[in-house]
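So the structure is just underneath, and the comments pick up after that.
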Amino acid sequence: KFVLISTNERIAENFDVYRLNINSGKKSMLIKNPGNMVDWIADDEGKVRLAIGSDGVNESIYYRESEENDFKIVISNNFKNSLKPLGFTKQKNHIYALSNLNRDKLALVDFDCTTGKEVKVIYENVNADVADVVYSKSTQQLAYLTYEITKREIYYLNKQVKGIMEEVQKQLPIQEIKIIDKDQNESRFIVRTYTDKSPGSTYLYTVKDKSLIKLADLNSAIKPDEMCKMKPITYKSKDGLTIHGYLTLPIGKKAKNLPCVVIPHQGPSTRNIWAYNAEVQFLANRGYAVFQMNYRGSTGYGKAFQTAGFKQWGGKLQDDITDGVRWLISQKIADSSRIGIYGSSFGGYSALHGLCFRPALYKCGASYSGLTNLFTYLKDIPPYYRPYLQMYYEMVGNPEADADYFRAVSPVFHTDKIRSPVLIAQGSRDPRVNMNETNQFVKELKKRKVPVTYILKENEGHYFRNPENKLEFYKELEKFLDKNLRME
């Protein structure tokens, strides 16, 4: 009847550990955060024996043998190097962890907390980071792990689980499969499926009789035959990096001289994946080629690729997007006179950046909760992110030391460079993007006679939650793109 939770109700910057009675709702503090801890990890018995501390740049793993002992530092690293504890092994004081220490890609390792050293590498892939690791509590063994270069791949660590997954795959061919839950004995599993054309379904799988029962479709209105295929692609950046991405073409259209919508992902420390994407399908259905790319700074491709995007938010990272668009044009896939760019959050910043500094490339651009000013982006950082502020300075830049660079790449200072029509959407309670600054940005564009569609919604945050507001936004986006990238 108890669960462990961490909450920052005492001090906004610090998360303490509590024991919560789920029947009564009462909680009692187990561990008071000394001020530098950013994560806590319990063993299989619910004893908190690992903690992660950070000074904003350097990260430390703390360990204690029992709850009667004090936490002691096991190892410290700069945040660019990573040791992510996953849980305890059967061997005393050993943990499973994802580590890129002394290597480029995140690998699954066995780590000894008493010596502070890696004991062995369980699995590593030379082309991609290990992403998810699934642990079987009933057998107390690792079940499988995944990694993703272009599509999700599974590497099995347990024969029993492999047999289960292969049997499910046999019954659900041409589907991506994820185990999302299981009973205590691991005799029944909740399985989720998806493809690039379908958000998928959930099923109940029973091991004993190999029965598979559909529980629900995620969206029964979606007809996969009417959706568009997402194709993995690669191209080279101008400085020689291989950039992975995805191209989705309208059904029945040849990959030739199509109007195109470029969608840089948010983050930027995230990535696009091969899966059903409602926005992509929405735009492809309207006749656009939809182009997504995992520019430098994206996750999943190793330490060197991700750190290559540091302090390049307005530089080489944006060049990767531009190089991709030029690749589309060179392949004669995109009509160079009908290319638009659209993104949310950091993707919105990239859209505005493209309009400012690549005005000849884009016919129009749309920004949904997009950043306009790197100065205020760091100034207005939420309290629970403040322990990481020094890390942000290394990733984005320091507003004081890099002031000239911030000014040079922040769209708010370059409205005079924008010529193409702009759509901007934002919530009035957005904690990451300053509403007053966006208002001023829109005023400046209008003053310069730039066509602007501005959607500002009260009581909305970084992303719209109200279904009516979402619907209105996508209707306006559809009209905006149709007007500016009109089909021939």
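The values are calculated or read from the model by the stated rules, or taken from the named source; none is laboratory data. What you see is a predicted model; the values in this text were computed from it and never measured. Note: ideal-geometry Cβ built from the backbone for every residue, glycine included; neighbour counts use all protein chains shown. With ligands, DNA and RNA removed, areas are computed over all heavy atoms of the protein, side chains included. Shrake-Rupley method; radii C 1.70, N 1.55, O 1.52, S 1.80 Å.
Tallying residues that are closer than 14 Å to Q292 by Cβ and either buried (at least 20 other Cβ atoms within 10 Å of the Cβ) or out of contact with any Lys or Arg (no Cβ under 8 Å at 6 or more places or on another chain) (or both) within the range 327-338 yields 3. When T307, T322, T376 are checked against the criterion of being of a type in the set (S, T, N, Q) and at pLDDT below 95, T376 stands alone in meeting it. Of the strands (runs of 3 or more DSSP E) lying entirely inside the range 24-105, those containing at least 1 residues that are touching a Pro at 6+ places or on another chain (Cβ under 9 Å) span 37-42, 48-54, 58-63, 94-99.
Restricting attention to the range 374-398, the residues that are open to solvent by 40 Å² or more (accessible area, probe 1.4 Å), under 25 Å from L355 (Cβ atoms) and in a helix (DSSP H, G or I) total 2. Of all the criteria given as (1) under 25 Å from L471 (Cα atoms); (2) without any contact (Cβ under 8 Å) to a residue 24 or more places away in the chain; (3) not polar (S, T, N, Q), the one not satisfied by Y368 is (2). Of all residues in the range 35-51, none satisfies the criterion of being modelled with pLDDT of 95 or more and surrounded by fewer than 12 Cβ atoms within 10 Å (Cβ to Cβ).
Taken over the range 106-142, the residue count meeting the criterion of being surrounded by 21 or more Cβ atoms within 10 Å (Cβ to Cβ), more than 24 Å from the chain's Cα centre (by Cα) and not in a loop (DSSP other than H, G, I, E, B) is 2. Annotation: Y301 fulfils all but one of (1) open to solvent by 30 Å² or more (accessible area, probe 1.4 Å); (2) among the hydroxyl-bearing types (S, T, Y); (3) touching a residue at least 12 places away in the same chain (Cβ under 8 Å); the unmet one is (1). Just to be sure before I move on: is I174 open to solvent by 40 Å² or more (accessible area, probe 1.4 Å), in a loop (DSSP other than H, G, I, E, B) and within 24 Å of I222 (Cα to Cα) in the structure I sent? For I174, the condition - open to solvent by 40 Å² or more (accessible area, probe 1.4 Å), in a loop (DSSP other than H, G, I, E, B) and within 24 Å of I222 (Cα to Cα) - is met. Checked against (1) out of contact with any helix residue (DSSP H, G or I) (no Cβ under 7 Å at 6 or more places or on another chain); (2) open to solvent by 40 Å² or more (accessible area, probe 1.4 Å); (3) hydrophobic (A, V, I, L, M, F, W, C), L145 passes all but condition (2). The residue that is surrounded by the fewest Cβ atoms within 10 Å (Cβ to Cβ), among those in the range 1-24 that are touching a strand residue (DSSP E or B) at 6+ places or on another chain (Cβ under 9 Å) and closer than 14 Å to P387 by Cα, is N8.
Of all residues in the range 137-196, those being under 21 Å from I122 (Cβ atoms) and of a type in the set (V, I, T) number 7.
Contact map, the range 85-97: residues that are at positive phi paired with residues that are open to solvent by less than 20 Å² (accessible area, probe 1.4 Å) and not in a strand (DSSP E or B), Cβ distance under 9 Å, separation 6+ or inter-chain. Pairs shown: N93/C113.
Can you confirm whether the range 442-457 contains a residue that is over 18 Å from G267 (Cα atoms), at pLDDT below 95 and surrounded by fewer than 19 Cβ atoms within 10 Å (Cβ to Cβ)? Within the range 442-457, none of the residues are over 18 Å from G267 (Cα atoms), at pLDDT below 95 and surrounded by fewer than 19 Cβ atoms within 10 Å (Cβ to Cβ). Here P224 meets the list (1) under 30 Å from A308 (Cα atoms); (2) touching a Ser or Thr at 6+ places or on another chain (Cβ under 7 Å) almost entirely, failing just condition (1). Test Y342 against the criterion of being modelled with pLDDT under 95 and in contact with a helix residue (DSSP H, G or I) (Cβ under 9 Å, 6 or more places away or on another chain), and give yes or no. It is false that Y342 is modelled with pLDDT under 95 and in contact with a helix residue (DSSP H, G or I) (Cβ under 9 Å, 6 or more places away or on another chain). Annotation note: Cβ proximity below 8 Å between a residue of the range 200-229 that is touching a residue at least 24 places away in the same chain (Cβ under 8 Å) and open to solvent by 60 Å² or more (accessible area, probe 1.4 Å) and a residue that is in a strand (DSSP E or B) and not hydroxyl-bearing (S, T, Y) (sequence gap 6+ or interchain) occurs for L215/I190; L215/L204.
When G35, G56 are checked against the criterion of being in contact with a helix residue (DSSP H, G or I) (Cβ under 6 Å, 6 or more places away or on another chain) and within 30 Å of K303 (Cα to Cα), G56 stands alone in meeting it. Within the range 397-411, residues that are at negative phi sit with their Cβ atoms under 9 Å from residues that are of a type in the set (G, A, S) and outside any loop (DSSP other than H, G, I, E, B), at 6+ positions apart or across chains, in these pairs: P411/S367. The residues of the range 350-373 that are in contact with a helix residue (DSSP H, G or I) (Cβ under 9 Å, 6 or more places away or on another chain), among the small types (G, A, S) and not in a helix (DSSP H, G or I), listed by number, are G365, A366, S367, S369, G370. The condition of being open to solvent by less than 40 Å² (accessible area, probe 1.4 Å) and outside any helix (DSSP H, G or I) holds for only one of A401, A425, that being A425.
Taking the criterion of being surrounded by fewer than 17 Cβ atoms within 10 Å (Cβ to Cβ) and in a helix (DSSP H, G or I), the residues of the range 475-488 that qualify are K475, E476, E478, K479, D482, K483. All conditions in (1) open to solvent by less than 50 Å² (accessible area, probe 1.4 Å); (2) within 27 Å of Q169 (Cα to Cα); (3) part of a loop (DSSP other than H, G, I, E, B); (4) not basic (K, R) hold for G245, with the sole exception of (3).
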